[in-house]
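See below for the structure under consideration.
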Amino acid sequence: MRKRVSRMSVTSPEHSVVELAETRPMSTVSEALTRAEEILASAGILGARVDAELLVGHVLGLSRGGVQAKAITDSGISPVDAVAIAGLVERRAAREPLQHITGVAAFRQLELAVGPGVFVPRPETEFVAQFAIDALRSIASPEPVGVDLGTGSGAIALAMATEVPYARVYGVEVSPRAFIWTKENFRTVGADNATAVFIDLADALRDQDGGVDVVISNPPYIPVGAIPRDPEVRLHDPEIALYGGEDGLDVVRQVSATAQRLLRPGGTLVLEHGELQAAGIGALLAEDGWRAIAHHRDLTGRDRATTALR
């Protein structure tokens, strides 16, 4: 259950929030949801109903299911909560990421703290993480070793550590702003087999050279000349987590070199990338000497992951 949000926690100008709430008084959960969905949909937000339920739930301290149940029974809400909901909806309509507003992002079985300075983990990365988890589980060792290069919030590393609890997992991050969130999530999740490391990718974990079983990375891969369409990404995700040089592959090249050093012979590399980058990444990995290079499509049929063997 999430902590209730007080009126004072709303950061939008108070007069505009009050006006928004008083335009159409919201005395029930059902009314609050309807109004929130209308505002978010008019702002061009896909899945407006889901966001509305999550924002109302964040204020009321309820899950989505709890909000839906309260809406069906026409439960009432206080004026203070109505103003708080209006403020959060106003922020979301301005295209502030939902996860920045609520302070949390769901990833597989985890709920992670996120905010300014760290890349918000995406649902599509969950399927990429599965390749690393499956590879760790396939290792005939009582303690396989996995490394997440550029761990950010720690989503992938902590998913590996919690879903393969006998593995030893390292999450490596280079951004000081992102590492604040890395440390917080490693502490909160409390996986004893997971270690957060703040260091440049080129020098990461030299004491593990040749002993790692799986390396995974969701590196920045957007070419510097490309502008993300979504305002949530363009305006709020940190540039260090988005842009990968002129062709988008600068950090991929570093990940390839570091993974070659870390992995044992036969170890697995897993990369997430843009849907049009599979061929370029395949050529890059082949030139670096990787074997069994394979591209994998997500549920929408797009090439979004590549695996290879050391």
Problem - Cβ pairs under 8 Å, 6+ apart, first in segment 152-167 and over 11 Å from PHE119 (Cβ atoms), second among the hydroxyl-bearing types (Ser, Thr, Tyr) and assigned to a loop (DSSP other than H, G, I, E, B) - result: ALA157/THR151
Exercise for the section: Sort out which residues of segment 209-255 are of a type in the set (D, E, K, R), touching a strand residue (DSSP E or B) at 6+ places or on another chain (Cβ under 7 Å) and within 17 Å of ALA278 (Cα to Cα), and write them in order of number. Expected result: none
Problem - Which numbered condition ALA259 fails, given (1) in a helix (DSSP H, G or I); (2) over 25 Å from LEU242 (Cβ atoms) - result: (2)
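Among the candidates GLY289, GLY274, which residue alone is part of a loop (DSSP other than H, G, I, E, B), under 21 Å from GLY211 (Cα atoms) and out of contact with any Pro (no Cβ under 6 Å at 6 or more places or on another chain)? Explain how you work it out, then say what you get.
Numbers: GLY274 fails: under 21 Å from GLY211 (Cα atoms).
Answer to the selection: GLY289.
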Fill in the blank from the handout: Exception for GLY248 within (1) within 19 Å of the chain's Cα centre (by Cα); (2) surrounded by 17 or more Cβ atoms within 10 Å (Cβ to Cβ) falls at (1)
Problem - Matching residues, segment 171-197, being buried (at least 24 other Cβ atoms within 10 Å of the Cβ) and under 17 Å from VAL215 (Cα atoms) - result: GLY171, VAL172, GLU173, ALA194
Exercise for the section: For residues that are buried (at least 18 other Cβ atoms within 10 Å of the Cβ) and among the hydrophobic types (A, V, I, L, M, F, W, C), tally how many sit in segment 272-292. Expected result: 5
Practice task
Test HIS58 against the stated conditions and say whether it is assigned to a helix (DSSP H, G or I) and under 14 Å from the mean Cα position of the chain (by Cα).
Solution key: no
Handout entry: Pick from segment 90-126, criterion hydrophobic (A, V, I, L, M, F, W, C), in a loop (DSSP other than H, G, I, E, B) and buried (at least 19 other Cβ atoms within 10 Å of the Cβ), ranking: nearest to the chain's Cα centre (by Cα)
Key = VAL120
Problem - Residues of segment 68-80 that turn out to be at pLDDT 95 or above and crowded, with 19+ Cβ neighbours inside 10 Å, as a count - result: 0
Exercise for the section: Please tell me if GLU143 is farther than 23 Å from ARG264 by Cβ and among the acidic types (Asp, Glu). Expected result: no
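The values are calculated or read from the model by the stated rules, or taken from the named source; none is laboratory data. All figures in this text were calculated on a predicted structure; none of them were measured in a lab. Please note: Cβ atoms are built from the backbone with ideal geometry, for glycine as well, and neighbour counts cover all protein chains shown.
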